[in-house]
Amino acid sequence: MALVLGAFVVWSLFVAPALATLRSAPAQLESLDAQLLEMRGMAAEVRELRNATPIAAAQAGLAIKAAAERLGDKVRLSLQNDRALLTPAGRQSRAAARVVGRGAQRGAGAGRSKRS
């Protein structure tokens, strides 16, 4: 009886958790690989944006205005000095905001000196 009880304790405390870890490891590795690829993509985008040639603030403003005008009444754009405020209007405006945001990111370097 003591042998069965000892085997149960060893199984419960040592073997079963190790087997559970081994079973879940491949799924966790897949998830971590996907996260790593996403982070590498974001890092590449950051490098690209840092190395982008700055454009004039007036040119960036015109690009943002043109992008907002293409979206019509889905967004409201307010330009104040070197800032642009985009206000989505309605449910489908999140996609529209992302489109305009991409244009704003391209012009984000306006007025700044290029980093070395």
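Tabulated results
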item	result
Likely footprinting exposure, R83, R76, fewest C-beta neighbours within 10 Å first	R83, R76
Label point distance in nm, A89-A34, each placed 7 Å from Cα along Cα→Cβ	3.8 nm
Residues whose placed amide H lies under 5 Å from that of I55, excluding near-sequence neighbours	G109, A110, G111
Taking M1, M39 and counting other C-beta atoms within 10 Å, the order from fewest to most	M1, M39
Packing-based exposure ordering (other Cβ within 10 Å, fewest first) of I55, I64	I55, I64
Long-range amide H partners of A89 with built H, under 5 Å	V75, R76
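A short reminder: the numbers here are calculations on the coordinates, not readings from a lab. All figures in this text were calculated on a predicted structure; none of them were measured in a lab. All Cβ positions, even for glycine, are placed from backbone atoms using ideal geometry, and neighbour counts span all protein chains on display.
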